[in-house]
Every structure is written in C-alpha cells, then in structure tokens.
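Data first, discussion second: the structure below is written as structure tokens.
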Amino acid sequence: GACGGARQSNSMNPMRMRMDPLTVLRDFTMRGELEKILRHDTDFRFGDEYTFPSSLETAYRSTKGNRYTLETLVHYIRNHHLKHTEYFQNTLALGIPSVSLPDRKPILNYLQGIIPTTDSIEYLPEEPSIAEDPSLNQQQPSLLPNSDDVVFQAQEPQLDFISMIRTAEKPLKDRQSLLECKNRDFYSVLVAATKREEERQRMESHQRKDGLVAKSRLMGSSDDFGDELGYDQTPKPKMHLKIGEGVPIILVPSAFQTLITIYNVKEFLEDGVYIPTDVKVKQMKGARPDCVTVQKKLSRDRAVTAYEVRDKPSALKPEDWDRVVAVFVLGKDWQFKDWPYKDHVEIFNKITGFFMRFEDDSIESAKTVKQWNVKIISISKNKRHQDRAAALEVWDRLEEFVRSRSHS
C-alpha cells in the first residue's frame, strides 16, 4: 500500500500501526543503500521492501515545531555535504521544504547512526483516525508488525490539539530564508530611515514654534562635525541652509578612463582601497548599479553619514542638484555639459571637486584641472597601503566643504 508493509522488523514498537518511514530511512542510510530509494510519482520506494508517500510527515520535529516530511529528509541526507546556503538555494529551486541550520547536525547524526535517538523524534500515541473523529472514545484496532490479525489494544485517546495543529502547518519561510533576503536591496531602507528622521526633526522644530525647518542629520546643532551627524537629538535649526533635503550626493564620471567610478568608489571611500574599475566589473554579477551608498568608516568618528554616489547627472531632478556636494572630475569640459550652472567657477563654488590621478602620470594630464578650484588626489599604481591616506584626504575636504556650506 501507500505506506507499505511492516513485516521486516521485530524491534518496532507495537503501538505503531505501520513501519515508520524515519526508521526505514535511517536503516537505508546506515547500510549505505540510499541509491535504492527511488522516486515513483508521488511515492518513495525503498528497494522492494517499502513504499511511502513523499509528502508523509515523519516523527522528526524541527526546532520550529513542524514535522519534516520524508521528501525533505531524503533530499537532505543526499545533499548534506552542501554548504547551507547552496543547499537552501537548491531546495528553493526544487520547491522542497529545507532542513533548518540548527537541525542539520542532529538529523545527520541520527540518520547515520552516530546517535541512537534524539528528543526531536516524537511519535504520536494516536493514529490520525482519532484526530479525525474525536468522538470515537473506544478501543482502536492496531495492526502489530508481525501479525496478520487485527488485535485490540486498550488506548485512552489523549488528544494533543497543539500537535494536531502543528502537524497540519506548512511553514512558508524560516529564519534562514528571511536572513538571506534574496533579491533585496537595503539602500531603499536606508533612504526611508533617513527621510523618517528628517520628518521627525521637522515636526520637533514646528512644535517649538520657532518657524524654522530642522534639517537632516548632516546639518545638526553643533559646530563639532561629529555631533552634527545625528547624535544631538534636538538639533537647533539654522537660519538658511544651502544643502537640499535628504542624503547628500557625490557624482562620479561614467567614463572608464577615470580612476574612480561607480564600480570602485565604495571600496575606496569606505575601506581605503583602490581597486581598478575593470577588476570590479568582472567581480560584479548583474547590472551596473545606478546608485551606490557610501559611509565614512575609516576614522573613529562616533557618527556615520551616508552619501549617495551617482554617475548619471542627466537623471537628476532640479531638487536633487541641491543635494550634490561633491564631484570627481575627468578633467574634460564635456563632463559638465547640460549641468545647471553657467561655468566652472560656479560649479566649484557650489560643489567641491576632486581629481584622482596616479602619482607618476604626466603633469600634462592634470593641466586643465589645475585651472579649476579642484583638489588633486594622487595615488600609487602599486602601493595599496597608501590608498587609505588618499581616501582620508577626500573625506577631510568633503566634510570641511559640507560644514562651510551648511553654515553659509
């Protein structure tokens, strides 16, 4: 039948009506005969000894409370060598519920015979027939493993409603799948959190009836830049702040012939490490990012400010330009085509400029840039330990500029 005969073992508990699929799977695992377990439609055939439905719930209860199905355990014991992330992605692709990370080792030890049993194994004292009709308060027939006759055993039905509910539950997500956050981007979470904080500060400002608008954490109350970044919970509003609402923006060139691009800016500014763009492009999987978030992590500042890095000025709305605080320049005039400023003087008054170069490049390459109000940052082609100092130069200039702009 679907659940198979059970005349192969004398050691089975007579309380169980059929041979138990968990015990059978353990026997086949310990004998090294997993290849004899074959899928046939919706059943698993264990050699020609037993057949069980693949969706049958076993006696092994997970740490989350649900019982593992036979399909889950057969798939796991065949793939237990995979790292958990690979295994989990494999189960997702196949649509099979996975074994959770805390359960992996105990299940493996039990099925391989390293441990004789575990507290996670729970056999229901009553068969489903009682759960289906609780009114049957009478002796239930039980088929003994080595008997062809039906015998009656006096069993007082003990209805465990919680177990009955858990048996019917089918968990859609476990802690592991939630933590892995497949195809999730936390940049939107950061932006939303920043906007909420700004809104809160604006509300406080109105409540004080001073008629002024409190700005984002960048423009906090103290002249000490560390305190400006959100640690003073009641920032005093300033008279007229020039930086627009929201996360400040740094622009980088979209051309590959520049040292800093949207591909490698994060490692340079956050970690103080220069990685050539072509190397980063090969490492990256998927589409080129439209926007990257960077934070200053190189110093011991108490506060961490977020900046958006973008490389498509044409996509900026007028209100976005108010947030632009810095630009990495190519040294070519065409980079500023269609910018909402009349010339280089206006651009580099309102936005701080950086030009990245290799220290042994010819002076000629920076000739145009030297006529602009731009900070030239030199890095070595080979000595990566010097990158950190160059990145800190950028941060010092950027923070000084943001301070002066917010106080103007």
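Going down the table (Lys195/Lys350; Lys285/Lys367; Lys195/Lys296; Lys297/Lys381; Lys280/Lys381), which pairs top 27 Å between alpha carbons?
Going by Cα-Cα distance, Lys285/Lys367 fall outside the 27 Å limit.
Largest first, please: the extent of the C-alpha atoms of segment 336-408 along each principal axis, to the nearest Å.
Reported extents, whole Å, longest axis first: 38, 28, 18.
Apply the Debye scattering formula to segment 257-408, with a single equal point scatterer on each alpha-carbon and no solvent, then give log10 I(q)/I(0) at q = 0.11, 0.19, 0.21 Å⁻¹.
For the requested q values the scattering log ratios are -0.44, -1.43, -1.71.
Compute the distance from the alpha-carbon center of segment 367-404 to that of segment 37-67, in whole Å.
Using only Cα atoms, the two centres lie 63 Å from each other.
What FRET efficiency comes out for the pair Glu33/Asp360, r = Cβ-Cβ distance, R0 = 41 Å, nearest 0.05?
Working from the Cβ atoms, E equals 0.05.
Run the dipole for segment 258-408 about the Cα centre, Lys and Arg Cβ at +1, Asp and Glu Cβ at -1, nothing else charged, and hand back the magnitude in debye, nearest 20.
That gives a dipole near 280 debye.
Protein chains only, probe 1.4 Å: how do Ile363, Ile96, Ile250 rank by accessible area, largest first?
Ile363, Ile96, Ile250
Tell me the Rg and the Dmax, in Å, that the Cα atoms of segment 46-91 produce.
Rg then Dmax for segment 46-91, in Å: 12.1, 35.
Given the protein chains as shown and a 1.4 Å probe, how many square angstrom of Glu169 are accessible, to the nearest 10?
Roll a 1.4 Å probe over it and Glu169 shows about 90 Å².
The values are calculated or read from the model by the stated rules, or taken from the named source; none is laboratory data. Please read all numbers here as calculations on a predicted model, not as lab measurements. Cβ atoms come from the backbone with ideal geometry, glycine included; neighbour counts cover every protein chain shown. We work out accessible area using only protein heavy atoms, side chains counted, and drop any ligands, DNA or RNA first. Shrake-Rupley method; radii C 1.70, N 1.55, O 1.52, S 1.80 Å.
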